[in-house]
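Report on the structure given below.
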Amino acid sequence: MKPFLKREPYTGPVQAIILDWAGTTVDHGCRGPVAVFSRAFEQYGIVPTVEEVRGPMGKDKREHVQCMLHMDRIAALWKVEHGALPDESVTDKIYARVQELMPETLADYATPVPGWVEACNALKARGIKIGSCTGYTRDMVVRLEPRAAALGYVPDAFVTSDEVPVGRPWPWMAYLNCQRLGVHPLESCIKVGDTVADIEEGINAGMWVVGVTRTSNALGLTEEEAAAMPAAELAAKEEAFAEVLRKAGAHYVLHSVADLPDLVPVIEARLKAAERPW
C-alpha cells in the first residue's frame, strides 16, 4: 500500500479502532479491577470504598495505587493503622500485591460485553483493524487475554501499560498500537474507552474519540443489574456520565461498543469531507 503523505487532509476510510478492556470490551461494569484493588488494600488493614477504588480507573495500575494513597481519607487511615503517612515504599508494597492478585482475578472477568464479539467481527469484515490498550501490565493479563479469546474476542494488537514510558492520558499506547497495526495517519483511527483517562488519551493521540456509558466503570453495573434497573433511571445515569465524557472531549458517546459498526460510516463521512478530529 502506498504511504499516505500529510500534504493534504486524509479523506479515506477508518483504518483502525483501538479499545480499552475492562468496562469497554470485557467485564461489564469494570468489576475485576475493583475486586483486586479492594483486596490489596484490605490486606494492609484499609477498607476503601467502591468510589475510592473507581476514581483513578483507566490509569496505569501503579499510578492508580498512588492516587488512592493520596486520597485524604485513605492517607489518614493509613497513618492511624501504620503510624505514618504512606510514602513511595507503601505504593510499591500495595502495587506488588495488586500484581500478584490481578492474573488470578481477571480471568474471572473476561467475558466480552453483549454484542461486542459480533460487532468486532463485523468491523474486521469491513477491513478495520482492532487494537487494544489497557492500564494492566503484560503479567496481569496472562490469563485474561486467552480467556477472552476463548469467548470470541481476539484483537489484532494488544498493548499493555508496561510497554510504554507512561500510561494514560499520554498517547503512547495508542501510538504503539498504530505501529503494530501498520496504520497511518492517526486521524484514520478511533479510540474507545469508558473513562476520562481513555478520552484524554485519544485526544492526545489525535484520533476520533468515543466514550461508552452502560458498561462503564462509572456506572459499575453488571449486565444483569443494568437490565433490571428501571429504564428511566438507567437512561438518567448514562446521560449524566455521557456529559462528563463529552466535557472531557469525546466526539461521540455510545451505550456500548456493540454500537460501533453504526458509527463508523458517520466518521467516514466526516473524513471524506476533509474533517479532522482536532
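Just so it is clear, none of the values below were taken in a lab; they were calculated from the coordinates. Because the structure is predicted, anything quoted here is derived from the model rather than measured. Virtual Cβ from ideal backbone geometry, glycine too; neighbours counted across all protein chains shown.
Each residue of the stretch 258-269 was assigned a 3J(HN,Hα) from its phi angle through the Karplus expression (A = 6.51, B = -1.76, C = 1.60, θ = phi - 60°), giving 4, 8, 4, x, 7, 7, 3, x, 5, 5, 5, 5 Hz with x at Gly and Pro.
Tell me whether the stretch 95-175 comes out rounded, prolate or oblate; compute the Cα gyration tensor, take square roots of the eigenvalues as a ≥ b ≥ c, and use a/c under 1.5 as the rounded threshold. Judged from the Cα gyration tensor, the stretch 95-175 comes out oblate (a/c at least 1.5, b/c at or above a/b). Estimated from helices alone, the mean residue ellipticity of the chain at 222 nm is -14000 deg cm²/dmol (sum of -39500 (n - 2.57) over DSSP H runs with n ≥ 4, per residue).
Using the basic label-point model (7 angstrom from Cα toward the beta carbon), what is the A149 to E233 distance in nanometres? Placing both labels 7 Å along Cα→Cβ, they lie 4.1 nm apart.
Given +1 at the Cβ of Lys and Arg, -1 at the Cβ of Asp and Glu and no other charges, the dipole of the chain around its Cα centre is 900 debye to the nearest 20. A straight line joining the Cα centroids of the stretch 58-135 and the stretch 195-248 runs 17 Å. In this label model, D108 and H70 are separated by 3.1 nm, measuring between points 7 Å along each Cα→Cβ vector. Compute the whole-percent fraction of alpha carbon pairs in the chain spaced more than 33 Å apart. Roughly 21 percent, rounded to a whole number. Pairs of Cα atoms in the stretch 188-278 fall into 5 Å distance bins, from 0 up to the last occupied one, in shares of 3, 15, 24, 22, 18, 10, 5, 3, 0 percent.
3J(HN,Hα) along the stretch 57-73: 4, x, 7, 3, 5, 5, 5, 4, 4, 4, 4, 5, 5, 7, 5, 4, 5 Hz, from the Karplus curve 6.51 cos²θ - 1.76 cosθ + 1.60 with θ = phi - 60°, whole Hz, x for Gly and Pro.
Taking 20 °C and 1.002 mPa s as conditions, the stretch 32-108 diffuses translationally at an estimated 175 µm²/s according to Stokes-Einstein applied to its Kirkwood radius (Cα pairs).
Within a straight-line Cα-Cα reach of under 23 Å, K79 can be paired with the following lysines, leaving aside sequence neighbours fewer than 8 residues apart in one chain: K61, K93. Taken over the stretch 42-184, the ratio of Cα radius of gyration to 2.2 N^0.38 Å equals 1.22.
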